[in-house]
């Protein structure tokens, strides 16, 4: 059990990935930033898929930076916080090109 969260582009390719063990409460940070709590099954994602707009991802990154600062990903000490930032940034880069991105919560 655990949280496996995938960003999927329009071609169906995985472009972002975040992994949290079932007891890792840091997974809830990513669900919260994405405003996707309904996809959180507690010990794992519920297997749902959701489409996020460019604006929603920009908001998520802004909220991340308000909470954790704008520190560069590689400089941040906490692995989970780095992977959350990388996940959002990777999804955002694709959404800039295709206007949205799908995220799967397993």
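Simple spin-label estimate for residue 14 and residue 79 gives 1.7 nm between the two label positions (7 Å along the Cα-to-Cβ direction from each Cα). Computed over the range 35-106, relative contact order equals 54 percent, with contacts defined as Cα pairs under 8 Å that lie 6+ residues apart.
I want to verify the translational diffusion coefficient of the range 1-78 in µm²/s; compute it with Stokes-Einstein, Rh as the Kirkwood radius over Cα pairs, at 10 °C and 1.306 mPa s. Once the numbers are plugged in, D ends up at 117 µm²/s. In terms of its C-alpha gyration tensor, the range 36-106 comes out oblate, because a/c is 1.5 or above while a/b does not outweigh b/c. Summed over qualifying helices (DSSP H, 4 residues or more, each -39500 (n - 2.57)) and divided by its residue number, the chain shows a 222 nm mean residue ellipticity of -13000 deg cm²/dmol.
A short reminder: the numbers here are calculations on the coordinates, not readings from a lab. All of these numbers come straight from a predicted model, not from anything done at the bench. Backbone-built Cβ (ideal geometry, glycine too); neighbour counts: all protein chains shown.
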